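*Asks:* First the structure, then my questions, so here it is.
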């Protein structure tokens, strides 16, 4: 009889559709990490203006510097062309006369990459961010930590630790762009004014029509019937100064037009902002001289486990358990982009873990 006795068969299965509990636990783990980061940097952030600087905002800061450099160069070229047009014998600026690539062209080319591919650049930055926040599947359960949600949690935690103000860029509201001499709005106006001076200078050099002199009717008919063949003109006929000015003006103007077109393009991430609006926002935030705190969710994951056996069903319940966790990198950045402090925090929780600390209803 003993040989006929077989142990009870047991079975363990995992249901991939049961994702809520691991997701919730991963967010709870993210809350713990946010508190750890806020506590770690509280000595630096106390009484400071803090900006949660994601990858997109850092890209906006770089584009802001590049755009200002190109606008300054365009204004200088327009001014140089206006002065050359006023001169009786125009001497064109060296940057225009040289056959080598001009500094402005190099700047334009360097800027064209971020500006002409603003849409692609923003999309690429978001794709890169998504790559870092894409969670590792653990036992078949995908978990994702929303970046904006984590930034809000971190901002609240930093504010709890007595920072004077914490700004999440996606929620920053601007009343009006800056107007000081180095602001991007002022530089655009400066370029437009310099462009207008070139047009006025060229207009002043256009010969005014003389009063028509009396001539024979036969001479009028002869002149009217005479057609000049362009091939009869000497190939070495010099171009007028106005023609040269017009060609150079068209080249500079095309670059300015291209720049304005790129600045007017909208994002593809659904924010509704144009590139110019992003630059205005970056400029306004930078004017506050904030402390920049960069965070990125590197990894997150969770698992479900369901164990069934006759003993567990009778004495221990349904045997459902779940885990969730996250890994986050953080850094405090100087205005030059140097890392002043930083590191990584990780946290993993199960349903039996202590509940993470709650955010107070009111922040003093």
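*Asks:* Would you check which residues across segment 152-171 are touching a strand residue (DSSP E or B) at 6+ places or on another chain (Cβ under 9 Å), within 13 Å of residue 38 (Cα to Cα) and surrounded by fewer than 22 Cβ atoms within 10 Å (Cβ to Cβ) and list them?
*Replies:* 152, 156, 159
*Asks:* Something else about it: Suppose we keep only residues that are out of contact with any helix residue (DSSP H, G or I) (no Cβ under 8 Å at 6 or more places or on another chain), in a loop (DSSP other than H, G, I, E, B) and free of Cβ contacts under 8 Å to residues at least 12 places away in the same chain within segment 163-188. Which one would you say is farthest from residue 79 (Cα to Cα)?
*Replies:* 173
Every number here is computed from the coordinates shown, using simple stated rules; none is lab data. Everything numeric in this text was worked out from a predicted model, so none of it was measured. Every residue, glycine among them, receives a Cβ derived from its backbone with ideal geometry; neighbour counts consider all protein chains shown.
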